[in-house]
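Take a look at the structure set out below.
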Amino acid sequence: MTHLRRLPVAIVGRRNIVGDVIEVLVARPPDFVFAAGQHVQIEVDKLHQRDQRGTSRVFSLSSSPHDTDVLSFAFRRSESGFKQTLERLSIGSRVRISGPYGHVTLTDESRRPRILLAHGVGITPYISMARFAAESMLSVPLTVLYSVVSRAHAAYLSELQVCANANPSMTLQLRTGALSSSDLSQARREWPDAVWYLSGPPTRVHHLSLALRDIGVPDDDVVSEEFIGY
């Protein structure tokens, strides 16, 4: 897969997904290739607000690889000077994009069932996978276990439901609160040969990895990536 570095791209849209979750859309370079589930680094020239972490952040792409016009990524509003800058930049402003990166991916070559464990805004790489799977009509079974504080806080919920309705191989299970051992055990019974996908803050990835080990999921069947802050 080709890795492109520091490509200038224009912001072409911005929308509120749910609550304080914002999605930003940028023009997709014609030769930018990525797999569903990958992430990129976004960099701005100048911050509107100070940010000790600097002028760049890593975000998972929420758009499908089939979308040739735009790339999208989402984040939760915060006091971050970087995020506030992204919100204030006018349509047409340019940022730089680097990547793609990451190995938690879904492709046409995926064969074994996938179980995707998501929480809150951490659903972003999995909405990319859900969109890609529905558009490609992938036959690989895809189970999304999505935990949220409340249904009102579930980012991309309606789009996930549309993808599940369009794709007979996809199942969406929404949970309020943390995923329980019972939730994980039930999914394992249904798909004992599945590959489990984890991504998010290191603490959450670590806890879920231990929980999967406790119910007998081999470490080799768990694919994870950690993100420190967003």
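We did not get these values from a lab; they are worked out from the coordinates using the rules stated. Quick caveat, the model's predicted, so the values are computed rather than measured. Glycine also receives a Cβ, built like all others from the backbone with ideal geometry; neighbour counts cover every protein chain displayed.
Overview of results
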item	result
Qualifying positions in region 192-218 - within 22 Å of Leu142 (Cβ to Cβ) and more than 22 Å from the chain's Cα centre (by Cα)	Pro192, Asp193, Ile215, Gly216, Val217, Pro218
Options Arg131, Arg114; residue that is closer than 14 Å to Leu172 by Cβ, in contact (Cβ under 8 Å) with a residue 40 or more places away in the chain, touching a Leu at 6+ places or on another chain (Cβ under 6 Å) and among the basic types (Lys, Arg)	Arg114
Subset tally (residues that are part of a helix (DSSP H, G or I) and exposed (fewer than 13 other Cβ atoms within 10 Å of the Cβ)) for region 188-206	3
Counted residues, region 213-226 - those being more than 13 Å from Asp193 (Cα to Cα) and buried (at least 18 other Cβ atoms within 10 Å of the Cβ)	2
Count of residues meeting criterion [among the hydrophobic types (A, V, I, L, M, F, W, C), surrounded by 18 or more Cβ atoms within 10 Å (Cβ to Cβ) and over 20 Å from Ala194 (Cα atoms)] in region 90-126	3
Tally, over region 36-63, of residues that are surrounded by fewer than 21 Cβ atoms within 10 Å (Cβ to Cβ) and not β-branched (Val, Ile, Thr)	13
Wholly within region 7-126, strands (runs of 3 or more DSSP E) carrying at least 3 residues that are over 18 Å from the mean Cα position of the chain (by Cα) and farther than 15 Å from Ala155 by Cβ	94-101
Any hit, region 153-167, residues being surrounded by 19 or more Cβ atoms within 10 Å (Cβ to Cβ) and in contact with a His (Cβ under 8 Å, 6 or more places away or on another chain)	no
Residue within region 45-56 that is in contact with a Lys or Arg (Cβ under 6 Å, 6 or more places away or on another chain) and closer than 17 Å to Ser93 by Cβ present	yes
Any hit, region 127-146, residues being buried (at least 20 other Cβ atoms within 10 Å of the Cβ), under 13 Å from the mean Cα position of the chain (by Cα), of a type in the set (Lys, Arg) and under 23 Å from Asp20 (Cβ atoms)	yes
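Condition check ((1) closer than 24 Å to Asp220 by Cα; (2) touching a strand residue (DSSP E or B) at 6+ places or on another chain (Cβ under 7 Å)) across all residues:
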| position | (1), (2) |
| --- | --- |
| Val148 | no, yes |
| Ala155 | no, yes |
| Ser158 | no, no |
| Ala166 | no, no |
| Ser169 | yes, yes |
| Ser181 | yes, no |
| Leu184 | yes, no |
| Trp191 | yes, yes |
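Results for (1) within 30 Å of Thr55 (Cβ to Cβ); (2) in contact with a Lys or Arg (Cβ under 8 Å, 6 or more places away or on another chain); (3) in a helix (DSSP H, G or I); (4) of a type in the set (A, V, I, L, M, F, W, C), shown as yes or no for each residue.
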position	(1), (2), (3), (4)
Ala130	no, no, yes, yes
Ser139	no, no, no, no
Ser147	no, yes, no, no
Gln161	no, no, yes, no
Asn165	no, no, yes, no
Pro168	no, no, no, no
Leu179	no, no, no, yes
Val217	no, yes, no, yes
Asp220	no, no, yes, no
